[in-house]
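Reading through the C-alpha cells given below for one structure.
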Amino acid sequence: MCGIPYGCDGRDFPVERVREVTLAPIVQSSTSSGEFGASYKDASGQPLALSDVVANAIQFSGILHLPENVSFGFRDGRVNRFALYGTSLHLFRYIKSHTQFVEEFGVADTVTPKEAFGDLMGYVHYYQRAQKIVEWDEMGKKIVIINFGASRHDVDAA
C-alpha cells in the first residue's frame, strides 16, 4: 500500500511521509489544523518532535497516517495493519446503498449498527477470515473506512 509492504520493519518505513500520528504513548495531548498540521506534547506539556512521536508509535503499536489517506498500524516494530479512508476510497464511490455494499463486499461475519440518539448512522462490518473491518455511513451512503489486519477487539472499539 503506497509502496509500503505489509510486514515492513519500522526502520524501513518512510517516516518523512508521515502527516500525523495516533496512539503513541509518549503523547499526552495533541492538536491538528489544516494550516499548521499536527503538534504533540508530553505529560509535562513540553512540545515533542514529530520524529520522537513517530519512533514511539512504531515501538509501542501506534498508527502512522500518510497524506494519501492511508494509515499503517504497528506491532512489534512492524506494519501489521493498514486502513483506507477519505479520498483513498474514491474507487468505491459507485456504491450508493447498504444493499449494494453487501452485494459487492459479501456478507460479513458480524454486522454492528451504529446509532446516535436512536437514529441509525451506519454499520460496522467485520470479516473474520480477511481480518477486515468496513464501516458503512448510512447518512452519506458511502464507505468511510476499510481497515485491514483488524481483530474482533477492533470492532468493539469502532
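Restricting attention to the chain, the count of lysine pairs at 8 or more positions apart or across chains with alpha carbons under 17 Å apart stands at 5. A run of the chain free of exposed loop cleavage sites, with chymotrypsin sites (Phe, Trp or Tyr not before Pro) counted only in DSSP states other than H, G, I, E and B and at most 12 other beta carbons within 10 Å, reaches its longest extent at 37-93. Normalised by residue number, the volume inside the convex hull of the Cα atoms of the chain is 140 Å³ per residue.
In angstrom, the C-alpha Rg and Dmax of segment 93-157 are 11.3, 33. Couplings for segment 19-33, taken from phi via the Karplus curve 6.51 cos²θ - 1.76 cosθ + 1.60 with θ = phi - 60°, read 9, 7, 10, 10, 6, 8, x, 5, 8, 8, 8, 8, 9, 8, 8 Hz in order; Gly and Pro are left as x. Within the listed set GLY140, GLY86, GLY34, the Gaussian network model of the chain (springs between alpha-carbon atoms below 10 Å) gives the highest mean-square fluctuation for GLY34. Put simply, the amide H of ILE145, placed in the peptide plane, has neighbours under 5 Å in GLU135, leaving out anything fewer than 5 places away on its chain. For segment 10-81, a Kirkwood hydrodynamic radius built from all Cα pairs, placed in the Stokes-Einstein relation at 4 °C and 1.567 mPa s, yields a translational diffusion coefficient of 107 µm²/s.
Computed from the coordinates by the stated procedures, all read-outs in this text should not be read as laboratory data. Please read all numbers here as calculations on a predicted model, not as lab measurements. All Cβ positions, glycine included, derive from the backbone under ideal geometry; neighbour counts span all protein chains shown.
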